């Protein structure tokens, strides 16, 4: 709530209405998933891994679209049109590299960080990231999530899914760090 209060002080009334709309959408979805359907929709989603994966990608794209539409995401402090933000978020999450707006000149540092996080989320996979964060926090993975991960990664139960996830995240971090160092030395020379 403190963050929302700070945004209210900084931005215009349109932005406040936008934040209220996001909050109300969250409460509406929570009502539909848990109270209205008596948890049946949530149970159905948790037992269907492909549907859960699809909806998680759609949720990430939706959140990315909302974040890219915020005035703080653009250099001119204006709202990015919905279709442009949706296309950019979808392209970043699906790691296609297509854009309709020049990323370097249209988006601010905040917008570029959002796009980078969408690329990371899409590249590593949502289920991979959520399981890796759970492992990082030291939480145990229940059997249902383990089965979902095996299904998503196309593996068999003989594969140690936790070791595989660890290797994926570590290899990605090392490769990206090496790339960042190489680019940093190149840019520092210019």
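Restricting to segment 107-118, name every residue that is more than 22 Å from residue 56 (Cβ to Cβ) and either surrounded by fewer than 19 Cβ atoms within 10 Å (Cβ to Cβ) or outside the structural domain of residue 60 (by TED's automatic domain parsing) (or both).
Within segment 107-118, 108, 109, 110, 112 meet the criteria.
As an exercise: evaluate residue 175 against (1) under 22 Å from residue 57 (Cα atoms); (2) at pLDDT below 90 and give the number of the one condition it does not meet.
Of (1) under 22 Å from residue 57 (Cα atoms); (2) at pLDDT below 90, only one is false for residue 175: (1).
Given the conditions (1) surrounded by 18 or more Cβ atoms within 10 Å (Cβ to Cβ); (2) more than 13 Å from the chain's Cα centre (by Cα); (3) at pLDDT 90 or above, which single one is not true for residue 49?
Tallying (1) surrounded by 18 or more Cβ atoms within 10 Å (Cβ to Cβ); (2) more than 13 Å from the chain's Cα centre (by Cα); (3) at pLDDT 90 or above, residue 49 fails exactly one: (3).
In segment 79-98, which residues are in contact with a helix residue (DSSP H, G or I) (Cβ under 6 Å, 6 or more places away or on another chain), surrounded by fewer than 20 Cβ atoms within 10 Å (Cβ to Cβ) and part of a loop (DSSP other than H, G, I, E, B)?
79, 94, 95, 98
The values are calculated or read from the model by the stated rules, or taken from the named source; none is laboratory data. All values reported here derive from a predicted model rather than from experimental measurement. When we count neighbours, we look across all protein chains shown, and the Cβ atoms used for this are built from the backbone with ideal geometry, even at glycine.
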